[in-house]
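What follows is a set of notes on a single structure, which appears directly below.
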Amino acid sequence: MRYLLSLPALVVVVAVMAAPCVAQQTLIGYSPASAAREREAEADAIRRPDPARAAAHSRALSQETHVAGTAAQARTRDYVIAQMKAWGLETEVRSYDIWMPHATEVRVWRVAPDTARLNLSEPVVPNDPAAALPQYPTVNGYSGQGDVTGEVVYVNYGLIEDYVQLDSLGVSVRGKIAVARYGRSFRGIKAREAERHGAAALIIYSDPQDDGFVRGDVYPEGPMRPPGGVQRGSVLNGDGDPSTPSYASKAGAVRLPESKMEIPHIPVVPIGYGNAAELLRGVRGGVLPQGWQGGLPFRYHVGPGPVKARVLVRDDRTSRPLKPIYDTFGIVRGSEFPDEMVLIGGHRDAWGPGTADNVSGTVSVLEAARAIAEQVKQGMRPKRTIVFATWDAEEWGLIGSVEYVEDDSLRLTKNAVAYFNQDVSAQGPRFGGGGSPSLRAAIRDIARTVPDPNGRGSVYEEWRRASAVPDSLEPAMGDPGGGSDFAPFYNHLGVPIAEWGFGGAGGVYHSQYDDFTWMAKFGDPGFLYHAAAARIAAGMVLRVANADVLPYDYVEFARTMRRYLAPIDSAFAKRRWSTANPTASLRTAIDRMEESAAGFASTRDATLAGSGVAKDVIKETNMALLRVERAFTRAEGLRTRPWFRNLIYVADENNGYANMVLPSVNEAIRSGDAALATREMADLAARFDEATRALVDARRAISVVSSNGQQERRPRR
């Protein structure tokens, strides 16, 4: 995992009016009879995920370091496929050959004022056998190669604004070794900015102020990062194989030469804060900017020097750059609409044992798959096809899921109903969820039916208590900016997505200590929250797979979109670009969408409450609904990043962690181009009107009941 969509630590700006804190007796998109059957099916599936089985899966999948492209990772493929076959699922494995160099040598020295070689390996800790396993080298995925020496410059978090601050101080990193702390932006942005400013290499460390002893007791006494703990991770800023941009890495695919790939060119090495102290303690320089002091027990300085460092990185790009990766699929064919697909997935690869990231997500997918497979054996087959996926090479840049989506884009664009993502599903007790606004009501309703492991009520009730929201509001949810395996489905194709999980305090992210011992002691003792995540997963896939009419809530979608307009008005006013209301046309288009969404919902509910609806009517209605969110994708994509076609949410290209809403408009505002921002708003308004037309078509399709209760076909417009 690179970063999370929706876990509780994220700050979200959108809340909606609260619904009653009881499960709905009628379900969105279901007739009364179908709703009764669905509640029974969901209750049956929700009781099946088992903490003991979850623990057994977790132990098996995290018994060794399993980096993408290694034999150990191939063994996780075999485990998942064997489990799914044993449950009676149809299975499939897809393989792709990825340009993914593995490090062969990584070293860091302090060479002035004295000489010392830093020990980069993560130390063994007592009573944790996994910590003694062979480790992947402490290097960032897609680091450049090199052997460079230079003065050390401390660059704070390595943000764009940090380099502006350095410039104001007259400090340059050109030819120097930049040292940045993790946090506040994606590590690939840190690498990009260091390279842009001429650094010879970048060293990234986890400061104790962010996830070490300042935050709590360190492992093995507590859950936080010890001095030798290292956060590995990719520094690739794109998604998918960099040698095959926008098309799948299949046999015979044309590949870009390395010189044309958008990859880092300088060495990028992560270290623990114990080693960082060996470099930063002796750095001197002028006044330290406010907010740059970290948690190490000495005064920080910017430099440059007098400390000098040498960084060496070698990899196998000249001898074996291509590595096979494997996506796995367990498939339950739908009984009525087999072409329509509900997908749920999580990635299997990790930088170490990966018990939280992302064995926990894989376990959630597996236990949900077992629950549905057992129902199928009892004759309870879902109406739509359900696909249980596990992805490879997510940690390197969402590669497994991106290659699959690029490989199967036509089928997915036509028939993918929803994608549910499980990335770090359980490493604590605090629930969080998010995704497309159209699916948020479903998450809330399913959470009402799943008991929270703390025994104090449902997951939803505990979520409300922990969020401390007023009775009139719902707990906030995360937006699908990017950074996990939902991105190709949502950002590239416009498939509605959702994600959920249980989070908590921890400092072992992407380290060797993300293992079974840590999880059993600190993350999820008893593996109760693993089972809870899987229960929600089982409920969610059934809720969408069995609906008569796809259970999207486009009233909530439109209302969520409207809340994003005030900041645009403020930005125009601040820049004195316009005295009129710049978002008036866009706001009107959103209003039209909400009105049509409400009209469709009313007609849908009235029709489903009647004597029944023919299958061809249901099919036509749902095909129209699938067009609604596809309408917000643009074939040419964003001007800054063409692969990102969805114009509603994206990860900020200058941060990576932060979500950007309505990015085509807001990127134009940030670039200072008023005319472009105005054109982008007009384009976006047209897309809202296209979504409205899809809702109108859906309403017309479902409006088939005449005054005498007989179905009738209405003429097309």
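Principal axes first, then extents: for the Cα atoms of the chain, list largest minus smallest coordinate on each axis, whole Å, largest first.
Between the extreme Cα coordinates on each principal axis of the chain lie 92, 64, 55 Å.
Along the charge dipole of the chain, pointing to its positive end and built from +1/-1 on Cβ of Lys, Arg, Asp and Glu, which listed residue (ILE81, GLY354, GLY433) has its Cα farthest out?
Highest projection toward the positive end goes to GLY433.
Quick one, could you list the DSSP H helices from the chain stretching 20 Å or more along their long axis (Cα atoms) with average Kyte-Doolittle hydropathy of -0.5 or above?
71-86, 360-377, 528-545, 584-608, 615-630, 674-702
Region 387-490: Rg/Rh from Cα coordinates, Kirkwood Rh?
Radius of gyration relative to Kirkwood radius: 1.02.
Using label points projected 7 Å from each Cα along Cα→Cβ, tell me how many nm separate VAL696 and VAL469, to one decimal.
3.3
Does region 384-447 come out rounded, prolate or oblate by the C-alpha gyration tensor, with a ≥ b ≥ c the root eigenvalues, rounded set by a/c under 1.5 and, if not, prolate when a/b is larger than b/c and oblate if not?
Cα axes put region 384-447 in the oblate bin.
Give me the Kirkwood hydrodynamic radius of region 29-171 in Å, from all C-alpha pairs, to one decimal place?
Evaluated over region 29-171, this radius sits at 21.5 Å.
Could you work out [θ]222 nm for the chain from helices alone, using -39500 (n - 2.57) per DSSP H run of at least four and dividing by all its residues? Round to the nearest 500 deg cm²/dmol.
-10500 deg cm²/dmol
Please list, in chain and number order, the residues 5+ apart from SER31 or on another chain whose amide H is under 5 Å from its amide H, with Hs placed from the backbone.
Residues meeting the criterion, in which the H sits 1.01 Å from N, are ASP548.
Return a single number: how many Lys pairs in the chain, at a sequence separation of 8 or more or on separate chains, have alpha-carbon atoms below 24 angstrom apart.
Step by step, the pairs that qualify in the chain add up to 15.
Using the Cα centre as the reference, give the magnitude of the dipole from point charges on the C-beta atoms of the chain (Lys, Arg: +1; Asp, Glu: -1; all else neutral), rounded to the nearest 20 debye.
Dipole about the Cα centre, nearest 20: 760 debye.
Report, in cubic angstrom per residue, the convex hull volume of the C-alpha atoms of region 182-293.
Per-residue hull volume (Cα only) is 148 Å³.
If packing is taken as the average number of other Cβ atoms within 10 Å across a peptide's residues, how do 315-323, 232-240, 637-645 rank, most packed first?
The densest-packed peptide leads the list: 232-240, 637-645, 315-323.
Let me check something: with ligands and nucleic acids excluded, how do TYR205, TYR136 order by accessible area (1.4 Å probe), largest to smallest?
The ordering from most to least exposed comes out as TYR136, TYR205.
Can you send over the carbon and sulfur percentage of the accessible area for the chain, probe radius 1.4 Å, protein chains only?
Carbon and sulfur together cover 52 percent of it.
Gain in length, SER570 to LYS260, computed as 0.36 nm per residue apart minus the alpha-carbon separation, to one decimal in nm?
Extra length available between SER570 and LYS260 comes to 107.6 nm.
Apply the Karplus curve 6.51 cos²θ - 1.76 cosθ + 1.60, θ = phi - 60°, to the phi angles in region 229-235 and return the couplings in whole Hz, x for Gly and Pro.
x, 10, 9, 6, x, 6, 10
Order these peptides, 161-173, 96-108, by their mean beta-carbon neighbour count within 10 angstrom, highest first.
96-108, 161-173
For region 470-515, what is the per residue volume of the convex hull drawn over the alpha-carbon atoms, in cubic angstrom?
Looking at region 470-515, the number lands at 128 Å³ per residue.
I'd like to check one number: the per residue accessible area of the chain, probe 1.4 Å, reported in Å² as a whole number.
35
The values are calculated or read from the model by the stated rules, or taken from the named source; none is laboratory data. Because the structure is predicted, anything quoted here is derived from the model rather than measured. All Cβ positions, glycine included, derive from the backbone under ideal geometry; neighbour counts span all protein chains shown. Protein only, heavy atoms only, side chains kept; ligands, DNA and RNA dropped before computing areas. Shrake-Rupley method; radii C 1.70, N 1.55, O 1.52, S 1.80 Å.
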